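All remarks here apply to the structure that follows.
The values are calculated or read from the model by the stated rules, or taken from the named source; none is laboratory data. Quick caveat, the model's predicted, so the values are computed rather than measured. Neighbour counts run over all protein chains shown; Cβ positions are idealised from the backbone, glycine included.
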Amino acid sequence: PPPANAGRVPGPPDGGWGWVVVFGAFISIGFAYAFPKGIAIFFKEIQDFFGTSYSEIAWVSSIMLATTYGAGPISSILVNRYGSRPVVILGGLLCGIGMVSAAFCTSILQLYICVGFITGFGLALNLQPSVIIIGKYFLKRRPIANGLAMAGSPVMLCTLAPLNQFLFDNFGWRGSFLILGAILLNCCVAGALFRPIGAATAPVKTQATEEGKDALKEEVIKDAMEMSSPMNITMETKTEEEGGKGCCEKVNQYLDFSLFKHRGFLIYLIGNVLMFLGFFAPIVFLAPYAKHIGIDEYSAAFLLSILAIVDMIARPTTGIIANSKWVRPRIQYFFSFSIAFNGACHLLCPLASGYTGLVVYSIFFGLAFGMVCAMLFETLMDLVGAARFTSAVGLVTIAECCTILLGPPIGGTLIDTFGDYKYMFIKCGAVMVLAGTFLFIMNYYNYHTVAKEEKERKAKEEDPKSVRTENEGRNNWNKETAQDGPELEPLREEREGLKKEVNGT
Amino acid sequence: GVSGTSVEKNITLDRATRIELSCRLDNKYSHLKSLQVTWKRGNETIRHINKTENSWSIQLRILDNSNLGGYSCTLKGEEETSAMFHLQPKIEGKEKPIVSYEGDTAVMICKSFDYTPIAWTWYMTNGSEQIAVNDSLLADKYVINRLSANVTHLKILKLTKEDDGVYWCEAAFELGKSKGKLKLRVLSLMVPLKPFLAIVAEVVILVTIVFLYEMYSKKKEKLA
């Protein structure tokens, strides 16, 4: 009965069609993360064909990765404006077009453009919206949904690697690119599953009892504005509601730069940017390191398979753990712990001797990697709130872009300079332990400050109209009351969480 | 050690050299010292055997191709054992076939391990014959480059179905020649197109189903 509910946004379904959306996100996220790694199989042949050096070919992967992360803000803006579904479908089409045109390339530069830019951009348009929409569909079970969707990455990698090899053996690199283009079109199917949800689909919501709720409901997509109002940027909210917009407001409507004043967001940003310096390098160098200490090629490749399998299991499991009532309110601590655990693994790796030691390392690394990835976006959603998540995720990805690209080359330089892999592992381990500790301490401070603000707020305000901060929402998770506050906050938090997930993996 | 089994060893040489081959007995067989040990090349017995405490060795001067081959050391007595020495360098081609398309270019690379050949020649198999690939005669079809001392590079332009087959890259050394094998498969563009269209069709069908289902459930909701 619409009239009675016109004034309030229904909470996220936390199930039902949401699980189908999780499946779609699984596919989409899987392609976005696994595809750049998967095409490395073709590089040797392409290198011979064009007569280039290995580093010139490796640029293809780097450009693709850089575009996928760097185009984050554009993706966020588009989702803010049009919702997840059209963006993912467009992303799928772009990926398909990119790879099909790559099949007809006659120079390495054309490959950079087709495989690097176009496909990379398409993958960016796949990644962000998938994570964002999970936040729209889930609140109470969001960590599980996030964990399941993120598991798409290792599963796709395990599928793509042998598939790519099979395609290559039978069709050569050109035919494989053509067929991969078609396979990437399946992202459009995933996108079709992303049914829009939330106030965006409900046109009549003018009977809201409270202004704040109203604005929130009416502008689920533009909730960045609403959320920013309690953060002392009232002007934006008012102008948004009035309909008259200045330039800043207009920009903020699409991409919420006010997030840079948000304490939790800044903590997350700094901690994650630091973490990514040491996150991917060990994976890149694990197989070469194994070969370096005398292990044969197939066993070295098997180490990565072990990592992927453990990763696959760890992600949903972490999601379930993070969802439990003991961990969820303190999810930031769990996240910092998993980052530090990851760092500890790397620090201990040089002590691993022989194949068995490396197998043990791969298992623990897979576990730690999965734990971090599963919660990467969940924690951002948790800090920033679902409403601002769309913008937050775009801003975080572009910041992480730099360190993600720098990580492996720095590791490579360390290896070349010292001729020994252990310094790379020590560097990665140290950086991650530092990031984990930083996040732990800062989040401890954040939780306390937020709780204090909460108390002050509750003390002075009786009016449930004002939009509350994320903290209230977080505290209200366990309360299944039909108050406006919890409803507003969960949405906010959900969106934020989506953004986080989009960034990570 | 000698114990009734045949041991075969391959030795790779790339240039004229003096080499000593020796057969050694493990200590536990020293009671067999009095037995006869012969070095043979094929059926020909080699006479000048240097005998020490428990090893028998021959000195060879490998000057050219004729000296290469199998040498065996035979221990007669209760057990007959032999060790074979072959001398031949290894060339690497590619085990899996190279797949390319009509009208496209194919690049085939051959590498020599450890030893530098004097010259490289490419051969194409036509039926049972091997024809040398002449890049000066057909310069717009074949391009042969020596990328580095140990690597040779054959580029075939404007591929046609006839180019499909087995290719050999032969490395000439002072002492002989070694070959590497490569297979080239030339496919028509239709071959990958079929799976491509099949997958595109699948995507279109799935997307249509999803949207139809959504419209159907919305209608149901409205009616309900």
> B:MET108 passes all but one of (1) facing chain A (nearest Cβ under 9 Å); (2) under 15 Å from the mean Cα position of the chain (by Cα); (3) not in a strand (DSSP E or B); which number fails?
Replying inline: (3)
> Counting only residues that are in a loop (DSSP other than H, G, I, E, B) and surrounded by fewer than 16 Cβ atoms within 10 Å (Cβ to Cβ), which one in the stretch B:113-124 is farthest from the chain's Cα centre (by Cα)?
Replying inline: B:ILE118
> Which of the residues belonging to the stretch B:210-224 are more than 9 Å from chain A (Cβ to nearest Cβ) and aliphatic (A, V, I, L, M)?
Replying inline: B:LEU212, B:MET215, B:LEU223, B:ALA224
>> within 13 Å of chain A (Cβ to nearest Cβ), outside any helix (DSSP H, G or I) and modelled with pLDDT under 90: which single residue out of B:LYS177, B:LYS183 fits that description?
In response: B:LYS183
>> Against the definition (away from chain B (no Cβ under 14 Å), touching a helix residue (DSSP H, G or I) at 6+ places or on another chain (Cβ under 6 Å) and among the hydroxyl-bearing types (Ser, Thr, Tyr)), how does A:SER76 come out, yes or no?
In response: yes
> Applying the selection to the stretch A:93-119, what residues are among the β-branched types (Val, Ile, Thr) and more than 23 Å from the chain's Cα centre (by Cα)?
Replying inline: A:ILE97, A:VAL100, A:THR106, A:ILE108, A:ILE113
> Do any helices (runs of 4 or more DSSP H) entirely within the stretch A:129-204 hold 1 or more residues that are within 14 Å of chain B (Cβ to nearest Cβ) and buried (at least 23 other Cβ atoms within 10 Å of the Cβ), and if so, which?
Replying inline: A:152-184, A:186-192
> From the list B:GLY127, B:GLY165, which one is at pLDDT 85 or above, away from chain A (no Cβ under 14 Å), at positive phi and under 26 Å from the mean Cα position of the chain (by Cα)?
Replying inline: B:GLY165
> Tell me, which residue of the stretch B:186-196 that is within 8 Å of chain A (Cβ to nearest Cβ) and not in a strand (DSSP E or B) is nearest to A:ALA182 (Cα to Cα)?
Replying inline: B:PHE196
>> Given the options A:LEU109, A:LEU123, name the one that is in contact (Cβ under 8 Å) with a residue 40 or more places away in the chain and assigned to a helix (DSSP H, G or I).
In response: A:LEU123
>> Cβ contacts < 6 Å: first residue under 15 Å from A:PHE377 (Cα atoms), restricted to the stretch A:318-333; second residue among the basic types (Lys, Arg), any location; separation 6+ or different chain. Result?
In response: none
>> Test of understanding: among A:VAL284, A:VAL273, which residue is within 23 Å of the chain's Cα centre (by Cα), surrounded by fewer than 20 Cβ atoms within 10 Å (Cβ to Cβ) and within 15 Å of A:HIS346 (Cβ to Cβ)?
In response: A:VAL284
>> Step by step: first the residues of the stretch A:14-42, then only those that are surrounded by fewer than 22 Cβ atoms within 10 Å (Cβ to Cβ), within 14 Å of chain B (Cβ to nearest Cβ) and more than 21 Å from the chain's Cα centre (by Cα), then the one that is farthest from A:ILE179 (Cα to Cα). Which residue is that?
In response: A:GLY16
> Does A:ARG315 fit the bill of being among the charged types (D, E, K, R), modelled with pLDDT of 90 or more and buried (at least 17 other Cβ atoms within 10 Å of the Cβ)?
Replying inline: yes
> For the stretch A:40-93, what are the residues that are outside any helix (DSSP H, G or I) and over 26 Å from B:GLU214 (Cβ atoms)?
Replying inline: A:GLY51, A:THR52, A:SER53, A:ALA71
> Somewhere in the stretch A:401-408, is a residue buried (at least 20 other Cβ atoms within 10 Å of the Cβ), more than 22 Å from A:PHE285 (Cα to Cα) and touching a residue at least 24 places away in the same chain (Cβ under 8 Å)?
Replying inline: no
> Quick check, is A:GLY407 at pLDDT below 90, more than 15 Å from the chain's Cα centre (by Cα) and outside any helix (DSSP H, G or I)?
Replying inline: no
>> Go through the stretch A:372-396 and report how many residues are among the polar types (S, T, N, Q) and closer than 15 Å to A:ILE144 by Cβ.
In response: 1
>> A:MET442 - would you say it is surrounded by 20 or more Cβ atoms within 10 Å (Cβ to Cβ), of a type outside the set (Phe, Trp, Tyr), in a helix (DSSP H, G or I) and at pLDDT 85 or above?
In response: no
> From B:LEU154, B:LEU147, B:LEU138, which residue is in contact with a strand residue (DSSP E or B) (Cβ under 7 Å, 6 or more places away or on another chain), more than 10 Å from every other protein chain (Cβ to nearest Cβ) and either part of a strand (DSSP E or B) or under 23 Å from A:PHE50 (Cβ atoms) (or both)?
Replying inline: B:LEU154
>> Condition first: exposed (fewer than 15 other Cβ atoms within 10 Å of the Cβ), charged (D, E, K, R) and either modelled with pLDDT of 75 or more or under 30 Å from the mean Cα position of the chain (by Cα) (or both). Can you find one or more residues in the stretch B:66-88 that meet it?
In response: no
